[in-house]
Amino acid sequence: MFTGIVEEVGKLRELRVDGRSARLDIEARRVLDGTEAGDSIAVAGVCLTVTELGHDRFWADAMPETVRRTTLAARRPGDELNLERALALQSRLGGHLVSGHVDGTGRVTRLQAEGTALVITITVPAAVASSCVDQGSIAVDGVSLTVVGRMETEVRVSLIPHTQGVTTLAGLRAGDEVNVEADLIAKYVAALLRGGKPHEGLTWEKLSQAGFL
């Protein structure tokens, strides 16, 4: 589990695509502190398991399902990547609950300055848009952002100057693809309203007890 608050921007050193799987070699520093093989790191919003560590880098594998759902296989050496270690129990939840299990990819259609903010319009899968609400949250390339507008297959998010300065999002251009993950609680609620049965026995009663209803 993650918060969508990026800890550092790393750099892709090498990407090996073997059939439908991929192996990433990522340059990093801060997220390596206390990290061991087997730990999870969110890479551009994708939860990956660290398989090997170096003094200034780590390696991770992406399975075929991850390659299909995300932008990872399209990255190139030198690309910058938003990085975040898994949430610790004593950590502050500064963003929102992010699983790192990406729902799909979106495409940037517009970037517009609004005061000190940067408003980005992204075309997203309909299932993602339907789980978004104004002033709610969405993760874009692993960054927790506030939704300031939503249409059937489109969301608008707003970036404060700090987010622009410490993530890769300010460098986006129209046409770029990004990994998107809808709010976790919203997805569970949507599944319940559709008559679906979320895993782990989530019920209206449990959501109410947790303070979400």
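The values are calculated or read from the model by the stated rules, or taken from the named source; none is laboratory data. Quick caveat, the model's predicted, so the values are computed rather than measured. Here the Cβ positions follow ideal geometry from the backbone for every residue, glycine too, while neighbour counts run over all protein chains shown.
Could you check segment 126-145 and list, in sequence order, the residues that are under 17 Å from the mean Cα position of the chain (by Cα) and either among the small types (Gly, Ala, Ser) or modelled with pLDDT under 95 (or both)?
Within segment 126-145, 127, 128, 129, 131, 132, 136, 137, 139, 142, 144 qualify.
Looking at segment 123-141, which of the residues that are out of contact with any Ser or Thr (no Cβ under 8 Å at 6 or more places or on another chain) and part of a loop (DSSP other than H, G, I, E, B) is farthest from residue 188 (Cα to Cα)?
So the residue we want is 134.
For residue 50, which of the numbered conditions (1) closer than 20 Å to residue 102 by Cβ; (2) of a type outside the set (Gly, Ala, Ser); (3) touching a residue at least 24 places away in the same chain (Cβ under 8 Å) fails to hold?
Unmet for residue 50, out of (1) closer than 20 Å to residue 102 by Cβ; (2) of a type outside the set (Gly, Ala, Ser); (3) touching a residue at least 24 places away in the same chain (Cβ under 8 Å): (3).
Out of 52, 65, report the one residue that is in contact with a Phe, Trp or Tyr (Cβ under 8 Å, 6 or more places away or on another chain), more than 27 Å from residue 170 (Cα to Cα) and not in a loop (DSSP other than H, G, I, E, B).
That would be 52, the only listed residue that is in contact with a Phe, Trp or Tyr (Cβ under 8 Å, 6 or more places away or on another chain), more than 27 Å from residue 170 (Cα to Cα) and not in a loop (DSSP other than H, G, I, E, B).
Return yes when residue 80 is under 15 Å from residue 179 (Cβ atoms) and modelled with pLDDT under 95 and no when it is not.
no
If I filter segment 153-191 down to residues being hydroxyl-bearing (Ser, Thr, Tyr) and outside any strand (DSSP E or B), which single residue comes out as farthest from residue 102 (Cα to Cα)?
The residue in question is 163.
With respect to residue 67, determine if the residue is closer than 22 Å to residue 176 by Cα, surrounded by fewer than 21 Cβ atoms within 10 Å (Cβ to Cβ), assigned by TED's automatic domain parsing to the domain that holds residue 152 and not basic (Lys, Arg).
So residue 67 fails the test.
Going through 15, 87, 83 one at a time, which residue ends up being among the hydrophobic types (A, V, I, L, M, F, W, C) and in a loop (DSSP other than H, G, I, E, B)?
From the options 15, 87, 83, the qualifying one is 87.
Tell me which residues, restricted to segment 90-109, are in a strand (DSSP E or B) and under 22 Å from residue 187 (Cβ atoms). I'd like the intermediate steps shown before the answer.
So in segment 90-109, the residues in a strand (DSSP E or B) come out as 98, 104-109.
Correct list: 98, 104, 105, 106, 107.
Check segment 19-32 and report whether any residue there is within 15 Å of the chain's Cα centre (by Cα), surrounded by fewer than 21 Cβ atoms within 10 Å (Cβ to Cβ) and either at negative phi or touching a residue at least 24 places away in the same chain (Cβ under 8 Å) (or both).
No, there is no match, as no residue in segment 19-32 is within 15 Å of the chain's Cα centre (by Cα), surrounded by fewer than 21 Cβ atoms within 10 Å (Cβ to Cβ) and either at negative phi or touching a residue at least 24 places away in the same chain (Cβ under 8 Å) (or both).
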